[in-house]
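**Student:** I'd like to ask you about the structure that follows.
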Amino acid sequence: MQLSRRALLKLLVASSASIVVSSGLQGCVFAANDESRIAFDYGVASGDPLTDRVVLWTRVTPTSEDPIRLSWEVAEDEAFLQLVNSDSTIVDNQTDYTLKVDVMGLEAGKTYFYRFKSNNDTSLIGQTKTLSSNPQNVKFAVLSCANYPAGFFHVYREVANNASDLDAVIHLGDYIYEYGIDGYPEAGTGEVMNRVHEPLHECVTLADYRQRYAQYHSDPDLIALHAKVPFICLWDDHEIANDAYTDGAENHTELTEGDFLARKMAAIQVWYEWLPVRAPLIEDDKIKTYRQFKFGSILSLMLLDTRVIGRDQQLNYFDYLDAEGNLTEPELLVNDVREADRNLMGDTQLNWLQQTLQSSKSEGVVWQVLGQQVLMGRIYVPSSLIRFNPETGRPDPRNFLVYSEVYIAFQTFGENIKMQLISDGTLASYTSDIDGFDGLTDIEQKTALASALKLKDPDLYEMIFSNLSPSDQQTIIELGYLLDRSQNPYVPYNLDAWDGYDAERERLLDIANSEQANLVVLSGDSHNGWCNYVTDNNGMQRAIEFGTGAVSSPGLEVDMGIPGGYEVFIQNSIVSFVKDVEYCNSAQRGYLTVDFTENNVVSEWFVIEREAEKNPVFPVFERTKRISISAIDKVIVHG
Ligand SMILES: [Fe+2]
């Protein structure tokens with residue numbers, strides 16, 4: 001069937017919207033005259049599933065600048081014998097030859113197969129699933145931070161291989177990285193694996209971002225995962241530029257890279273083009289990605305935007321450091337992060353969240369789950385740890401390594417004291433004398449016991465002390481003050497996370513408390529695995545947080561330049577000196593699964609060995625942690 005020029009123009013206008021809505025069973029495939037092959041080089045994808053609809057996505061590789069007609073089919077079976085919907089439409093450069101179809105009229109809780117066709121080629125077959133209206137359990141894989149030149153996307157392949165019981169993949173952002181070849185990770189990293197960023201320069205324009213997404217979408221592991229399970233996506237900063245906030249970004253220079261708003265809107269346009277996200281019908285609403293997904297009476301999933309809509313500019317550590325990069329006035333920093341008018345989400349989004357929590361609770365839904373970008377738990381560390389290299393702007397590990405010596409010496413000393421007091425039957429008399437003993441971290445408890453023993457029984461103190469190695473004795477004498485909070489106050493480590501926006505976190509937690517939400521927070525961005533209690537400023541537990549590791553982006557061990565062998569020490573010490581942290585994996589790439597029922601949620605973290613990151617051979621994934629939490633008492637149970 002030939003299209004008249006008028007009909008063609010009409011269709012072109014229709015296709016300029018980035019999504020096609022289809023609700024009826026109809027077939028209308030147009031034969032094209034062009035005999036050249038139209039390849040589906042970037043696979044297929046599905047996303048934003050609801051009980052009756054799901055967004056399907058593909059992209060064709062154009063052979064000319066002409067528009068291309070594509071048809072699509074949805075069936076109940078992989079052989080496409082039980083066809084439930086089909087249609088066709090035209091794609092062109094207005095959407096970078098990507099096609100999204102919001103297929104409606106589907107049954108709840110059902111698996112469907114889909115594919116796309118041009119006149120002479122067929123895409124691979126994708127599998128997707130609508131949400132159940134009455135699920136017994138809801139399971140997600142939670143992913144974030146895939147940096148193409150930093151390593152292979154083994155995580156995507158592993159999740160694809162284990163996708164059969166997943167309801168969706170939640171991708172919390174950093175789906176791409178905007179850097180050029182000399183940016184992050186360090187120059188030369190991608191060359192080793194033949195995974196150099198395209199374009200070679202940093203993404204700034206519409207064409208740049210399109211090329212970058214095309215590169216990521218050509219990765220066979222990502223293609224495999226998209227074809228298996230629907231995605232629910234959020235953007236983080238790198239979909240635009242590093243440490244983005246409402247009016248700018250750390251990695252944006254207006255003078256050389258132009259208007260930030262133009263860059264942001266280009267990046268957002270491409271995000272909608274290349275991801276299976278349901279685009280709002282109103283163009284101006286495209287910036288509002290916060291939205292809700294309902295999973296029967298088990299959970300409401302609320303996706304937040306902490307980047308683009310309401311975020312004030314991050315505080316900068318360099319405003320609080322001396323010339324050598326040490327943090328000399330920690331109180332100043334803590335006062336500033338607590339300023340009441342610092343926003344991360346903004347009032348409109350907070351109001352939406354309150355209303356959504358309220359309706360979720362009134363509907364009797366057990367869990368209220370936030371999917372969002374940055375870590376919400378309070379990761380306050382001793383200020384003596386903070387040191388930055390003034391020349392590179394990167395964290396300097398030297399203070400941490402000094403601290404580690406003190407920490408190790410005190411661990412041994414404190415443990416010996418504790419064992420002695422237990423065997424004497426006097427531990428309780430010591431702990432009851434120490435103010436707020438139960439609220440102290442593990443290392444603080446040991447330090448307090450040492451001080452108390454020194455006062456109460458100097459002979460016993462000297463006896464235990466004399467059993468230490470000479471170097472541990474010297475460390476404790478010279479550097480013991482580093483464990484004393486009055487001389488070494490705690491400060492937030494990551495000013496880009498919720499820790500840098502204390503008042504906004506308090507507003508959110510107050511809302512959750514007033515709505516009596518059973519709050520679970522899913523977080524990305526940090527490149528490290530976490531399980532944290534989220535507490536308010538009065539120390540009240542208001543939520544549990546699960547942080548997912550990175551698909552391939554380097555973690556704390558690279559960010560801080562930690563020497564080999566110290567990685568495990570770092571994560572163990574973080575758990576020990578940060579009260580709210582229950583689990584931390586700061587040195588391995590991987591992902592998280594969360595499985596919710598009416599009674600509990602089980603979270604599991606899976607990782608690979610460091611050596612496997614840059615090796616194309618598919619590695620073995622190890623489950624490093626399993627944690628379960630009851631819906632009633634919200635106590636974290638390990639194992
Ligand atoms: Fe990241």
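The values are calculated or read from the model by the stated rules, or taken from the named source; none is laboratory data. A quick note: this is a predicted structure, and the numbers were derived from the prediction, not measured. We place every Cβ from the backbone using ideal geometry, glycine too, and count neighbours over all the protein chains shown.
**Student:** Of the conditions (1) free of Cβ contacts under 8 Å to residues at least 60 places away in the same chain; (2) within 16 Å of the ligand (Cβ to nearest atom), ASN537 fails just one. Which one is it?
**Tutor:** The one condition ASN537 does not meet is (2).
**Student:** Now, a different point. Return the pair list, or none, for Cβ contacts closer than 9 Å from residues in the range 50-78 that are not assigned by TED's automatic domain parsing to the domain that holds ARG291 to residues that are modelled with pLDDT under 95 and of a type in the set (Phe, Trp, Tyr), at least 6 apart or on different chains.
**Tutor:** Sorted first by the residue in the range 50-78, then by its partner, the pairs are ARG69/PHE30; SER71/PHE30.
Each row is one residue, and each column tells you yes or no for (1) outside any strand (DSSP E or B); (2) within 19 Å of the chain's Cα centre (by Cα).
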{"site": "THR128", "(1), (2)": "no, no"}
{"site": "SER132", "(1), (2)": "yes, no"}
{"site": "PRO135", "(1), (2)": "yes, no"}
{"site": "ALA146", "(1), (2)": "yes, yes"}
{"site": "PRO149", "(1), (2)": "yes, yes"}
{"site": "ASP165", "(1), (2)": "yes, no"}
{"site": "GLU198", "(1), (2)": "yes, no"}
{"site": "HIS201", "(1), (2)": "yes, no"}
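**Student:** Okay, next question. So which of ILE636, ILE627 is in contact with a His (Cβ under 9 Å, 6 or more places away or on another chain) and β-branched (Val, Ile, Thr)? So that I can check it myself, show each step before the final result.
**Tutor:** Values: ILE636 fails: in contact with a His (Cβ under 9 Å, 6 or more places away or on another chain).
So the residue among ILE636, ILE627 that is in contact with a His (Cβ under 9 Å, 6 or more places away or on another chain) and β-branched (Val, Ile, Thr) is ILE627.
**Student:** Follow-up. For the range 3-100, please list each of the strands (runs of 3 or more DSSP E) lying entirely inside it that holds at least 3 residues being modelled with pLDDT of 95 or more.
**Tutor:** Result: 44-47, 54-59, 68-75, 83-91.
**Student:** Got at least one residue in the range 219-239 being assigned to a strand (DSSP E or B) and away from the ligand (no atom under 16 Å from the Cβ)?
**Tutor:** yes
**Student:** Looking only at residues that are among the β-branched types (Val, Ile, Thr) and closer than 30 Å to LEU495 by Cα in the range 388-437, which one is surrounded by the most Cβ atoms within 10 Å (Cβ to Cβ)?
**Tutor:** Step by step, filter the range 388-437, then rank; the result is VAL406.
**Student:** Show the residue pairs meeting these rules: Cβ distance below 7 Å; 6+ apart or different chains; first residue within the range 217-235 and modelled with pLDDT of 95 or more and buried (at least 24 other Cβ atoms within 10 Å of the Cβ); second residue hydrophobic (A, V, I, L, M, F, W, C) and in a helix (DSSP H, G or I).
**Tutor:** LEU225/VAL159; LEU225/ALA160; TRP235/TRP271
**Student:** Suppose we filter the range 594-631 for residues that are without any contact (Cβ under 8 Å) to a residue 12 or more places away in the chain and more than 17 Å from TYR156 (Cβ to Cβ); how many remain?
**Tutor:** 1
**Student:** What pairs come up if the first residue lies in the range 190-207 and is assigned by TED's automatic domain parsing to the domain that holds ILE176, the second is among the hydrophobic types (A, V, I, L, M, F, W, C) and part of a helix (DSSP H, G or I), and their beta carbons are under 7 Å apart, counting only those six or more places apart or on different chains?
**Tutor:** THR205/ALA266; LEU206/ALA266; LEU206/VAL270
Per-residue answers, yes or no, for (1) under 13 Å from ALA160 (Cα atoms); (2) of a type outside the set (S, T, N, Q):
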position	(1), (2)
TYR216	no, yes
ALA224	yes, yes
GLU239	no, yes
ASN242	no, no
TYR245	no, yes
THR256	no, no
PHE260	no, yes
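**Student:** If I filter the range 509-522 for residues that are under 26 Å from PHE318 (Cβ atoms) and within 16 Å of the ligand (Cβ to nearest atom), do I get at least one hit?
**Tutor:** Checking the range 509-522: not a single residue is under 26 Å from PHE318 (Cβ atoms) and within 16 Å of the ligand (Cβ to nearest atom).
**Student:** A further question on this structure: Is it the case that some residue within the range 53-70 is touching a Gly at 6+ places or on another chain (Cβ under 8 Å), surrounded by fewer than 22 Cβ atoms within 10 Å (Cβ to Cβ) and closer than 18 Å to ALA279 by Cα? It would help to see each step written out before you state the result.
**Tutor:** Residues of the range 53-70 touching a Gly at 6+ places or on another chain (Cβ under 8 Å): 53-58.
From the residues that got through so far, the ones that are surrounded by fewer than 22 Cβ atoms within 10 Å (Cβ to Cβ) too are 53.
The next check asks that each one be closer than 18 Å to ALA279 by Cα; those that pass are 53.
Within the range 53-70, one or more residues are touching a Gly at 6+ places or on another chain (Cβ under 8 Å), surrounded by fewer than 22 Cβ atoms within 10 Å (Cβ to Cβ) and closer than 18 Å to ALA279 by Cα.
**Student:** I've got another one for you. Go through the range 135-153 and give me each residue that's touching a Phe, Trp or Tyr at 6+ places or on another chain (Cβ under 9 Å) and within 16 Å of the ligand (Cβ to nearest atom).
**Tutor:** Matches in the range 135-153: VAL142, LEU143, SER144, CYS145, ALA146, ASN147, TYR148, PRO149, ALA150, PHE153.
**Student:** Can you pull out the residues in the range 552-583 that are among the aliphatic types (A, V, I, L, M) and within 22 Å of the chain's Cα centre (by Cα)?
**Tutor:** As a first pass, look at the range 552-583 and keep what is among the aliphatic types (A, V, I, L, M): 556, 558, 560, 562, 568, 570, 574-575, 578, 581.
Answer for the range 552-583, where residues must be among the aliphatic types (A, V, I, L, M) and within 22 Å of the chain's Cα centre (by Cα): LEU556, VAL558, MET560, VAL568, ILE570, ILE574, VAL575, VAL578, VAL581.
**Student:** Could you tell me which of the residues ASP435, ASP442, ASP510 is charged (D, E, K, R), outside the structural domain of VAL366 (by TED's automatic domain parsing), within 30 Å of ILE636 (Cα to Cα) and without any contact (Cβ under 8 Å) to a residue 60 or more places away in the chain?
**Tutor:** ASP435
**Student:** Consider ARG263 carefully, then state whether it is assigned to a loop (DSSP other than H, G, I, E, B) and touching a residue at least 40 places away in the same chain (Cβ under 8 Å). Give the steps one after another, and end with the answer.
**Tutor:** On the way: assigned to a loop (DSSP other than H, G, I, E, B): no; touching a residue at least 40 places away in the same chain (Cβ under 8 Å): yes.
The answer is no for ARG263.
**Student:** Only one of these conditions is not met by VAL551: (1) of a type outside the set (Phe, Trp, Tyr); (2) away from the ligand (no atom under 16 Å from the Cβ); (3) buried (at least 24 other Cβ atoms within 10 Å of the Cβ); (4) within 26 Å of LEU592 (Cβ to Cβ). Which number is it?
**Tutor:** (2)
**Student:** Something else: Counting just the residues of the range 554-570 that are within 16 Å of the ligand (Cβ to nearest atom) and of a type in the set (Asp, Glu), which one comes out surrounded by the most Cβ atoms within 10 Å (Cβ to Cβ)?
**Tutor:** GLU557
**Student:** Grab the helices (runs of 4 or more DSSP H) fully contained in the range 415-470, keeping just those with 1 or more residues being closer than 20 Å to TYR481 by Cβ.
**Tutor:** 442-456, 458-466
**Student:** Moving on to the next point. State yes or no: is GLU178 of a type outside the set (Phe, Trp, Tyr), within 16 Å of the ligand (Cβ to nearest atom), part of a loop (DSSP other than H, G, I, E, B) and surrounded by fewer than 18 Cβ atoms within 10 Å (Cβ to Cβ)?
**Tutor:** Taking the combined requirement at face value, the residue does not satisfy it.
**Student:** Could you please let me know if ASP396 is more than 29 Å from the chain's Cα centre (by Cα) and not assigned by TED's automatic domain parsing to the domain that holds ASN518?
**Tutor:** Working: more than 29 Å from the chain's Cα centre (by Cα): no; not assigned by TED's automatic domain parsing to the domain that holds ASN518: yes.
Criteria not met by ASP396.
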